[in-house]
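Undergrad: Mind having a look at this structure? Questions to follow.
The values are calculated or read from the model by the stated rules, or taken from the named source; none is laboratory data. Being a predicted model, the structure only gives us computed values, none of them experimental. Quick reminder, even Gly has a Cβ in these numbers, built from the backbone with ideal geometry, and neighbours come from all protein chains shown.
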Amino acid sequence: MNDNNLIIFSGNSNIPLAEKICNYLDMPMGGAKVKRFSDGEIQIEINDNVRLKNVFVIQSTCSPVNDNLVELLLMTDAFKRASASRITAVIPYYGYARQDRKVAPRVPISAKLVADLLTVAGLDRVITMDLHAGQIQGFFDIPVDNLFATPVILEYIRMNFANDELVIISPDAGGVERARALAKRLKADLAIIDKRRDAPNEAKAMAVIGDVSGKVAIIFDDMADTAGTLTEAAGAIMESGAKEVHACVSHPVLSGPAVDRIMNSALKSVVVTDTIPLAENASACDKIKILTVAELVGEAIIRSHKGDSVTSLFV
């Protein structure tokens with residue numbers, strides 16, 4: 001893509017995805033130095049002229065979440081002060097999204113606070129993917145395009161599984177709409193896990209609602225953090241008579257004991273996207289397979305830049 005008014009930068013959080021996106025767009029990545037002062041403060045220096053340019057900065061706010069978030073804020077401020085015409089943050093994984101409401105007294109709504117910080121920093125638009133809750137778009141006072149990894153996952157499932165023996169599993173009640181949409185497009189059955197959560201990152205699958213006997217089950221969720229939900233659900237599904245069980249998730253957070261749990265679980269495979277770069281132990285895990293969303297995000301960038309509709313990117 002040859003357009004001198006478009007320029008793409010990346011923070012440190014997900015350079016591999018940013019490079020794939022630039023390859024898809026057939027354009028170089030903008031130069032930026034992201035360094036640290038001796039006390040840990042982040043120092044940003046933009047090497048390219050961005051005056052009157054349409055700037056896209058790719059940065060997942062994944063671990064280390066706070067460092068990556070501050071990087072994004074400072075880069076946005078740098079672009080604004082360098083007179084960029086428009087600044088769009090491409091945030092494949094939006095950190096703090098799980099804290100989107102008050103679930104107990106005297107707790108923050110962190111997803112809203114982060115949205116305010118990004119807006120005040122000077123962003124004009126946000127492109128993100130598979131928000132934990134779609135209503136987070138309303139926390140922003142600027143336009144938000146919430147893409148879905150479903151087209152990429154859908155293609156993978158169609159190429160690797162027979163539709164007549166599939167059942168799509170929602171790991172909890174909150175993910176039913178997401179799982180139902182995938183099941184509908186695959187013409188597959190739908191089942192739900194009834195789980196009880198005693199504390200954050202601790203889940204216990206209690207029962208499978210729906211028929212999974214003799215079928216290939218695919219658990220479909222937006223993220224896997226400690227993988228407690230996935231592994232407990234996989235065990236319950238196999239106990240209910242499923243032939244085998246797989247998982248497809250958009251965001252591979254995979255913190256703490258996640259990889260060990262996956263290795264020792266009934267899961268035959270866990271398919272993830274590259275919205276978050278995998279840690280070394282996750283990359284070495286034979287059960288974990290990576291799909292790229294670079295073309296999907298790259299197409300969204302092109303259409304946003306040209307002012308075209310992104311509707312057809314949604315499945």
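Undergrad: Return the residues of the range 41-84 that are touching a residue at least 60 places away in the same chain (Cβ under 8 Å) and part of a loop (DSSP other than H, G, I, E, B); say none if nothing qualifies.
TA: Scanning the range 41-84 gives Ser60, Cys62, Ser63.
Undergrad: For residues that are assigned to a helix (DSSP H, G or I) and closer than 27 Å to Ala294 by Cα, tally how many sit in the range 117-146.
TA: 10
Undergrad: Considering only the range 98-147, how many residues are in contact (Cβ under 8 Å) with a residue 12 or more places away in the chain and touching a strand residue (DSSP E or B) at 6+ places or on another chain (Cβ under 7 Å)?
TA: Residues that pass the stated criteria total 20.
Undergrad: Looking at the range 64-84, which of the residues that are within 22 Å of Lys306 (Cβ to Cβ) and among the hydrophobic types (A, V, I, L, M, F, W, C) is surrounded by the fewest Cβ atoms within 10 Å (Cβ to Cβ)?
TA: Result: Ala84.
Undergrad: Right, next: Only residues that are touching a residue at least 12 places away in the same chain (Cβ under 8 Å) and surrounded by 10 or more Cβ atoms within 10 Å (Cβ to Cβ): list them for the range 29-40, please. Before you say what the answer is, go through the steps one by one.
TA: Residues of the range 29-40 that are touching a residue at least 12 places away in the same chain (Cβ under 8 Å), as a first pass: 29-34.
Result: Met29, Gly30, Gly31, Ala32, Val34.
Undergrad: Grab the strands (runs of 3 or more DSSP E) fully contained in the range 147-225, keeping just those with 3 or more residues being in contact with a Pro (Cβ under 7 Å, 6 or more places away or on another chain) and either under 22 Å from Tyr94 (Cβ atoms) or at pLDDT 95 or above (or both). Before the answer, list the steps.
TA: Working: elements: 166-170, 189-199, 202-209, 216-224.
Ranges flagged: 216-224.
Undergrad: Name the residues in the range 29-55 that are closer than 20 Å to Gly122 by Cβ and either aliphatic (A, V, I, L, M) or in contact with a Phe, Trp or Tyr (Cβ under 7 Å, 6 or more places away or on another chain) (or both), would you?
TA: Those that are closer than 20 Å to Gly122 by Cβ and either aliphatic (A, V, I, L, M) or in contact with a Phe, Trp or Tyr (Cβ under 7 Å, 6 or more places away or on another chain) (or both): Gly30, Ala32, Val34, Ile42, Gln43, Ile44, Ile46, Val50, Leu52, Val55.
Undergrad: To continue, here is another question. I need the full set of residues from the range 289-312 which are part of a helix (DSSP H, G or I) and either in contact with a helix residue (DSSP H, G or I) (Cβ under 8 Å, 6 or more places away or on another chain) or among the aromatic types (Phe, Trp, Tyr) (or both), in order please. First the steps, then the outcome.
TA: To start, the set of residues in the range 289-312 that are part of a helix (DSSP H, G or I) comprises 294-306, 311-312.
Residues satisfying the conditions are Ala294, Glu295, Leu296, Val297, Gly298, Glu299, Ala300, Ile301, Ile302, Arg303.
Undergrad: Within the range 10-28, does at least one residue satisfy the condition of being surrounded by 14 or more Cβ atoms within 10 Å (Cβ to Cβ) and closer than 17 Å to Ala121 by Cα?
TA: Yes, the conditions are met somewhere in the range 10-28.
Undergrad: Counting only residues that are in a strand (DSSP E or B) and without any contact (Cβ under 8 Å) to a residue 40 or more places away in the chain, which one in the range 85-95 is surrounded by the fewest Cβ atoms within 10 Å (Cβ to Cβ)? Give the derivation first.
TA: Keep residues of the range 85-95 that are in a strand (DSSP E or B), which gives 86-91.
Checking the rest, the ones that are also without any contact (Cβ under 8 Å) to a residue 40 or more places away in the chain come to 86-87, 89, 91.
Working: Arg86: 16, Ile87: 25, Ala89: 26, Ile91: 29.
Top of the filtered list is Arg86.
Undergrad: Give the range 221-239 a look and list any residue that's under 15 Å from Lys195 (Cα atoms) and in contact with a strand residue (DSSP E or B) (Cβ under 6 Å, 6 or more places away or on another chain), or say none.
TA: Passing the criteria: Asp221, Gly228, Thr229, Leu230, Glu232, Ala233, Ala234, Ala236, Ile237.
Undergrad: Val315 versus (1) part of a loop (DSSP other than H, G, I, E, B); (2) at pLDDT below 95; (3) surrounded by 20 or more Cβ atoms within 10 Å (Cβ to Cβ): which is the lone unmet condition?
TA: (3)
Undergrad: Which residue out of Asp141, Asp130, Asp164 is more than 26 Å from Asp48 (Cα to Cα) and within 16 Å of the chain's Cα centre (by Cα)? Working first, answer last.
TA: Values: Asp141 fails: within 16 Å of the chain's Cα centre (by Cα); Asp164 fails: within 16 Å of the chain's Cα centre (by Cα).
Going through Asp141, Asp130, Asp164 in turn, the sole match is Asp130.
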